[in-house]
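The structure appears below as structure tokens.
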């Protein structure tokens, strides 16, 4: 059959093009080119093959020549392979339906059922027959029909798809080209192996090129002389010189290089190479935190080089599982070694050497004219800082590095990349960076640094508009931009991720762009942890600015800092400032011309009703962002000398006054005449008081102090100054009566929280001093200082309990509500009001008989209130007339209606102790005559006190320490020791000698001084070291375990030692000024008015010291730490109510109570004074005789004293030296 081959061959090529299209990206291009080399090499098929050469390992001619070389004359005879191919033409016939034509053994054609894809691409055996055709040259050729079924390779993995296509090629070669001999099949198999195993072929070629350069690479690494790698290099160099001298063959030289390659590929030497590579990378200034940025820049360049549209360009980071884990980055830009849309051009610019360049140190094919980011050839190499073996998979290439640049196979890489390809078939590039134990922390730093900047990376990237991070918390960021109202030099950038972000991008000169963050109200600063200067990725250049500036900065090789002189950098910013000033003017005029369109473009409030406020807010926030530049050494040059923002504010009214709307909102810089000062300089505060009469005259040409200070930096001077406590004093007036309306006005600005926050905190004490003088209307109709709110306005349970039974004179009138209560609470802080136990007792006593509500509330307070137990003791001593008695009557009283039996028991115990539960038949004997017993104890002490006093001091105090050292002393060790001993006296199972022994051990070992001299929280090393020692696995000594458990208490003492020393020293003066005080309050200074007046603020230690506080005050008084004239002031507080002393005194008729309460000291003092008079001092030793005579050692002396009244004391030995903690913990357990 005569045919026109010139017309038919393009059609046949188009048939193959259509057939092969579905296989693009699914099988290696080398395999397709080999197939085409077997079925047609005419010009149409040559063009088709070249279309597949863009990601082939070699050009078409090279691959076909290699194919021919596999079939030499001894394998294929008599014709060369090219001639065999030329003798045939192949026609593709797609098979549809369920049957296909086949040739029977008889030669007849019949319809055979069509099998599934698993049977291969070819259908039937029609391809085994041929039809003769004659071309115009008269040459007869065979036309072979290839019936092919539609196979969707996307349903298969890369290996499976390659296998299917390979079997198709093998079938065509065997059945159509008759390459069926064993030698021919072997030759074809070798060729197809190389075509399919592209990664191995690429590795081999790359290895060959690296091997050729290996001596130079090793020399440039400057290996340490003791490295085995350096020794191998020296041996190579010596042998190379020898071979050159002998004019050895090129083969010998190649063998020598191969031997060097083999040596350095050893795992030990590879480790040396990696160390040297990391050192080299470090020399160039690369840090671990830059790694992901470098990979991102490479990906952005790869998209820019890709022939396809990059509208969907994205960059993905996946965290690797396990420990220490790692990460994997993926992009779909130009694959590694991919030639691009023009294979010839791709080879010309070196795309086929991508992998080699990635492995070589300090080498890149990127040129300045390419408009790409990476140019030093170092970026990718930074990954070796993190990983011992980086995985690279791209297209059909997969390898893993060793030693920082040696390629090794990575079979799993192909599958990993295959799983990442997009639905359209575009291949992924995967860089896998597994971490080691040594680099795990650096890997975390790299990930953290990347995450901190990820939101805005797409805004500056040339092509990438989406970033995905797949980790514990998946993150994705998408970016888009549009011109602002048609102005191409100012664009609105939108970023969506965890939340939507917006920014204005000002395109400046020379490829620079400034990004201004826009939030819901206008411009805002970027996060502080985000570096301001970028070259596609953040540079590590310090800056105070609030914007981001990206551009082709001259950078150092590590791409972290700016290159060039300070003068060059300054001039660069001044030049950019000129353009920025013009852009800012344009921004203003666009907004002024079309505010609605402007606001809508930026998602601001575009309504006409809010235009004035929104307009003012926008320019005010712009000032905030750009004012940060004024103190920056580099950024200030953007605005100096009438540039940048200085240009804008000189010509437009955009400077915010930072004053309330009644003032001018925006002015020109030249119009500013004065500024507010102090707390009034804060915009929010000034807005709160703008309607106060004292401010009615302040209206025109006034700015805040902050604005004035910033304007001076831009050359706008001569702005003179215009405070809060004085304003408050004027508002309160001379009579100091604060009505509910006035209180509400003041409360809008003054709250307990606001006065401790900027800006009022700088005037805190002045405000409190003025506020405390304010008088409020009480419920009894009188004007009084701030005391308690009305019950409905009480804030916390304690306050509500007090309000429930407080007299009307102490309760605020009910018309004070809302903000009025805020100022009331401010005034109460220093008003001096704070009901003590005796006050509460007075309230209880004066409750009318018919006011059962307040009566029940008072009883409820006894079991629930903060001072409940003390009030119970007070009621026991001074029982009000309305209280049903005896206890049996109280239990059934209507006052306790609704109370549980447990609550009733708690109340009765608080009011009467154990006696409340005794049988009415129980008859107690009257107590012995207390005066006689106490006088006998006094006589005993006068006789024995001298020796007992000395022995007590010897066993109570460590080393040379004595409380007498504390007089007018600020020695931290001495005061720390005193407070520590007081703390130890709060638990009583231990003896004085044990306290002393613990402290002595600390002095001997040196750590006691270290703890006492430390100043937590800034100095905690000595505390941590002590904890480490005591918790060490080899520390078997459990001695002093009880004392160690007070470590938290001792830490509090050390941290607040100066504050508590001041309280202890000034206690006589405080008592002199305030009268009766609460020791619990003194040890909670932050809530104790006397301490607050002294500006003392410290953590509470009232429970840490317990009744040890009474012991410490006694010892300070005994040893002269307080002046003699202050003895009468301190006397009520130096009596420690230890359990034995309580039992003794209660037996004598004192009502000391059942609990160890430091406040019971006054009760003890009153009782002893009542029965001993002036002898109450016990010769200046106060309660020490009582503490000692109740110990078992002096049991005989105590019995002698009781014998004076014909009685005997209780057996105190059964109580032992029990714990005296005020929370009544039942034991401290060794």
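Values in this text are rule-based calculations from the coordinates and carry no lab data. All values derive from a computational prediction rather than experimental measurement. Reconstructed Cβ throughout: ideal geometry from the backbone, glycine too, with neighbour counts over all protein chains shown.
For segment 1039-1146, what class follows from the C-alpha gyration tensor (a ≥ b ≥ c being the square roots of its eigenvalues): rounded when a/c is under 1.5, otherwise prolate if a/b is larger than b/c, else oblate?
Verdict is oblate for segment 1039-1146.
Tell me, what is the percent relative contact order of segment 754-819, built from C-alpha pairs under 8 Å that lie six or more residues apart?
28
Quick check on the exposure proxy: order 445, 193 from fewest to most C-beta atoms within 10 angstrom.
Listed from fewest to most nearby Cβ atoms, that is 193, 445.
Per the Cauchy relation, a quarter of the hull surface: what is the mean projected area of the convex hull of the alpha carbons in segment 516-581, in nm²?
Taking the Cα atoms of segment 516-581, their convex hull projects to 5.1 nm² on average.
Could you check what % of the DSSP bridge pairs in the chain are antiparallel, to the nearest 5?
Around 75 percent of the beta bridges assigned by DSSP in the chain are antiparallel ones.
Please compute the contact order of segment 930-1215 in relative form: average sequence separation of alpha-carbon pairs under 8 Å and at least six residues apart, divided by the residue count, as a percent.
With pairs under 8 Å counted, the relative contact order is 23 percent.
Rounded, prolate or oblate for segment 146-208? Axes are the square roots of the Cα gyration tensor eigenvalues, ordered a ≥ b ≥ c, and the cut-off for rounded is a/c under 1.5.
It comes out oblate by the Cα gyration axes.
Let me check I have the definition right: for the chain, take the eigenvalues of the Cα gyration tensor, multiply each by 5, take square roots. What are those semi-axes in whole Å, largest first?
Equivalent-ellipsoid dimensions as semi-axes: 89, 42, 32 Å.
Is the C-alpha gyration tensor of segment 279-333 telling us rounded, prolate or oblate? Criteria: a/c under 1.5 is rounded; beyond that, a/b larger than b/c is prolate, otherwise oblate.
Oblate, because a/c is 1.5 or more while a/b does not exceed b/c.
Put a dot 7 Å past each Cα toward the Cβ at residue 671 and residue 21; how far apart are the dots in nm?
Inter-label distance under the simple model: 6.7 nm.
At 10 °C and 1.306 mPa s, grab the translational diffusion coefficient of segment 767-817 from Stokes-Einstein with a Kirkwood Rh over Cα pairs, rounded to a whole number in µm² per second.
Rounded to a whole number, D works out at 142 µm²/s.
In what order do 1087, 286, 1060, 909 fall by count of nearby beta-carbon atoms within 10 Å, going from fewest to most?
With the fewest neighbours first, 1087, 286, 1060, 909 line up as 1087, 909, 1060, 286.
From the helices alone, meaning DSSP H stretches of at least four residues, give me the mean residue ellipticity at 222 nm for the chain, per-run term -39500 (n - 2.57), in deg cm²/dmol to the nearest 500.
Counting only the DSSP helices, I get -13500 deg cm²/dmol.
Could you tell me the relative contact order of segment 835-923? Use alpha-carbon pairs under 8 Å, at least six residues apart, and round to a whole percent.
For segment 835-923, the relative contact order is 31 percent.
Please rank 242, 338, fewest neighbouring Cβ atoms within 10 Å first, as an exposure proxy.
Ranking 242, 338 by Cβ neighbours within 10 Å, fewest first, gives 242, 338.
Can you give the alpha-carbon Rg of segment 723-831 over 2.2 N^0.38 Å, where N counts its residues?
Ratio of Rg to 2.2 N^0.38 Å for segment 723-831: 1.01.
Please work out the Cα center distance from segment 647-670 to segment 941-956, rounded to the nearest Å.
Here the answer is 80 Å between Cα centres.
Hey, quick one: spin label on residue 347, modelled 7 Å out along Cα-Cβ, who in segment 1-41 has an amide N within reach, i.e. under 17 Å?
So the set is 29-34, 37.
Express the C-alpha Rg of segment 441-497 as a ratio against the empirical globular expectation 2.2 N^0.38 Å, rounded to two decimals.
Computed over Cα atoms of segment 441-497, the ratio equals 1.36.
Viscosity 0.890 mPa s, temperature 25 °C: give me the Stokes-Einstein translational D for segment 5-196 in µm²/s, with Rh taken as the Kirkwood radius over C-alpha pairs.
Approximately 143 µm²/s, per Stokes-Einstein.
At what distance in angstrom do the alpha carbon centres of segment 25-81 and segment 1079-1156 lie from each other?
102
What is the distance in Å between the Cα centres of segment 743-804 and segment 237-297?
78
Any chance you could list the semi-axes, whole Å, largest first, of the equivalent ellipsoid that the Cα gyration tensor gives for segment 429-474, using √(5λ)?
Equivalent ellipsoid semi-axes, largest first: 23, 12, 11 Å.
Give me the number: length gained by fully extending residue 876 to residue 991, i.e. 0.36 nm times residue separation minus the C-alpha to C-alpha distance, one decimal in nm.
Net length gain for the segment: 38.0 nm.
Please work out the Cα convex hull volume for segment 664-714 and give it in Å³ per residue.
Expressed per residue, the convex hull around the Cα atoms of segment 664-714 is 77 Å³.
Suppose we keep just the alpha-carbon trace of segment 205-473; what are its Rg and Dmax in angstrom?
19.2, 65
Scale the Cα Rg of segment 837-910 by the rule-of-thumb value 2.2 N^0.38 Å and send over the ratio, two decimals.
For segment 837-910, the normalised Cα radius of gyration comes out at 0.98.
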